[in-house]
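Remarks on the structure that follows.
Quick note: the coordinates plus some simple rules give every number you see, no bench work behind them. In this text the structure is predicted, and so the values were computed from the model without any measurement. Note that each Cβ is placed from the backbone with ideal geometry, even for glycine, and that neighbours are counted across all protein chains shown.
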Amino acid sequence: MGEKDFWSTETYEAVASFVPHFADTLVQSIEFSPTDRVLDIGCGDGKFTTSFSPVVGYVMGVDSSPAMIEAAKKLDYGGAVTDFRVVDCRLLNKEVDIVNGNWDKVASNAALHWVLRDPTTRVSTLETVFRSLKPGGTFFFEMCGFGNAPEMVTSYIFALVNHGIPIEKAEEMCPWFHPSDDYMKGLLEDIGFQVQKIDLKPKPLKMNPEINGGLEGFMGLLGAPWLDLLDTEEKKKSALKQMCRMLRHGTTKEDGTLPVITPIVLVEHSQGEPSTCASEVYHRAQGRTFSRNKGTRSHRVKDE
């Protein structure tokens, strides 16, 4: 039996409609080609995919949630040929027809902190991405990083322990991996990527109105694997209220903004001579000078 699908497309749209826009700036920095083949890892409901699909030739989206994939199949992708499949992204290496070294770009938005949670498949997943790309291909993604809303994690664990779950079990159930920028840079470079840009910076997150679920809806959706440890709906509702009370008291600003920290990462594949470099576009937009080290395949970025 497969893992339980905790995702609801209706709830996601109501309480987390801002998530597909987390990587807007990053996507705008990428130079796409009408012939590009792009693999979107953890594509969810496809909303993020629509941010670049109109300017490429083919997109495949993969996600572990059948509900999300069904929703993704119903969107308009601006003329691009698309294919969406239910895939456990931790085990991409088993999808031989997908990871065939034929992708110009691999993208991911707000998904890898879920996908890379399992330490036994973390490296192999990123290695598979590396092998999936054409020489000179680009891997660009956004994910939550070190320091990401620690109050949220604390509130989940506290509420579960307060409802009789052993603290070890509550800690074990944490569904996310929030790496530091140094860790990710080292891991990616060890695999063979040339890291062009990696940032770890705060990104204030404003909840949708209470009528659309608000904080409780958001916490209930993201914390569904945790709440599933409780055996009655009454306990789940009680724990969720405790979690939200803790967050509202300590982290919510006057305008309802809940702080979240996310890194934006841009990586270019290191095999072969790079094509037009996406990071060059990005860094010029940021007022930086981009230069290539002649005679090598390494790139260097310097602040002006």
Exercise for the section: For every other residue with a beta carbon closer than 11 angstrom to the beta carbon of Asp45, add +1 if it is Lys or Arg and -1 if Asp or Glu, then tell me the sum. Expected result: -1
Practice task
Could you tell me whether the range 6-123 comes out rounded, prolate or oblate from its Cα gyration tensor? Rule is a ≥ b ≥ c as square roots of the eigenvalues, rounded for a/c under 1.5, then prolate if a/b exceeds b/c, otherwise oblate.
Solution key: rounded
Problem - Ser17-Val81 FRET efficiency (beta carbon distance; Förster radius 30 Å; 0.05 resolution) - result: 0.70
Exercise for the section: Quickly work out the Arg117-to-Glu31 label distance, labels modelled 7 Å from Cα along the C-beta direction, and quote it in nm with one decimal. Expected result: 3.8 nm
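Rounded, prolate or oblate: which fits the range 40-98, taking a ≥ b ≥ c as square roots of the Cα gyration tensor eigenvalues, rounded meaning a/c under 1.5, else prolate when a/b beats b/c?
Details: a/c = 2.28, a/b = 1.46, b/c = 1.56.
In terms of gyration-tensor shape, oblate.
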Practice task
Set the Förster radius R0 to 35 Å, insert the Cβ-Cβ distance between Glu171 and Asn100 as r into 1/(1 + (r/R0)^6), and round the FRET efficiency to 0.05.
Solution key: 0.35
Handout entry: Cleavage-rule hits, trypsin sites (Lys or Arg not before Pro), the range 3-62, DSSP coil, Cβ neighbours within 10 Å at most 12
Key = Lys4
Handout entry: Other-chain or far-sequence residues with amide H under 5 Å of Phe139's (modelled H)
Key = Val106, Val267, Glu268, His269
Completion exercise
Listed by chain and number, the aspartates and glutamates with an alpha carbon less than 20 angstrom from that of Lys74, same-chain partners under 8 positions apart left out, are Asp5, Glu10, Glu13, Asp40, Asp45, Asp63, Asp83
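May I ask for the net charge around Ala72, where only other residues with Cβ less than 11 Å from the Cβ of Ala72 are counted and Lys, Arg are +1 while Asp, Glu are -1? Before the final figure, lay out the partial values.
On the way: positive: Lys47, Lys73, Lys74, Arg85; negative: Asp40, Asp45, Asp63, Glu70, Asp83.
Net of charged neighbours comes to -1.
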